[in-house]
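One structure below.
What follows is calculated from the coordinates using simple rules that are stated; it is not laboratory data. Note that the structure is a prediction, hence the values are computed from the model and not measured. Cβ sites come from the backbone with ideal geometry, for glycine too, and all protein chains shown count toward neighbours.
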Amino acid sequence: MDAYVEKDAVEVSGDRRTPPEEPPPAPLDPASPQAAGGPGTTGGTGTPGTPGAGTGIMALSLPYQVVVAVALAVTGVFACVHLAMVFLHVAPSNTLTKQNGQAVDDWIYPEFEQNWKLFAPNPLQQNVSVEVRAEVTAPDGTRRTTGWIDLTAQDTEAIRHNPLPSHTQQNQLRRALDFYSNTHSDDHRSNGPRGRLSEQYMRRIAVQRLDALPALADSEVRRIQLRSVTRRVPAPAWSTEKSKPSPSSRDFPWWRITDADRSADAGADRNRTEEAR
């Protein structure tokens, strides 16, 4: 008797039995819920067969989500407050540190003590200018004393609107005045061997500037006197700092000018002018 074979189960090919070939699965539509791992599927990042499973905080239950959110908020606020306190501690003295200095110290000490400063401890709050007046001899032999000439204002005018000002315009007078002040006492007595050198340096700078003035082209500088004028920078409206409104000055002694105080170029120009007369 022939054996009964269910054709739907297997197919007979010769003496071998092979399962029927199944058609390949159709590609999933990207917009379909199955492709995105939606409910009732095993795709996506959720747990197989778990509808709407998420990751991170969203994987927690609602009470735990609230606890984690509150903890993150408290940590963020603490970090911001700590950074602000450290900044005020290392920054120069200002309005906030003057009003809340004790609170800043209570927060910093002793655990977060800092031994360095972030900025300059005391920024410059004054403008210092160098002025000169001269005793000159006119071509007819008469002598007169000029008014005060602001040498610093000349440099300021040369620097203003100049994208590439020279190092001389920016620093020569300032460094010369610092050099002189560091080598002399308050009564202009030299306190070391560099004092005489600083005097010569100041005289040469002043004479060089005076010789370049057209108003003194026909006159000869005999003596000069320098002075430094200090003007306080006004405090801002929100500050309680008080400053002296009137400027203060420091007069230098009169110095006699010699040929050694003039540069070689200036001496040559003056000789050519005298020969032309």
Item to complete: Filter the range 227-245 down to residues that are loosely packed, with under 13 Cβ neighbours inside 10 Å and in contact with a strand residue (DSSP E or B) (Cβ under 9 Å, 6 or more places away or on another chain) and give me whichever is nearest to V130 (Cα to Cα).
Response: V233
Practice prompt. Working only within the range 240-258, note down all residues that are basic (K, R) and within 10 Å of R223 (Cβ to Cβ).
Written response: R256
Practice prompt. Identify, from the list S185, S246, S190, S239, the residue that is free of Cβ contacts under 8 Å to residues at least 12 places away in the same chain, small (G, A, S) and under 30 Å from T95 (Cβ atoms).
Written response: S246
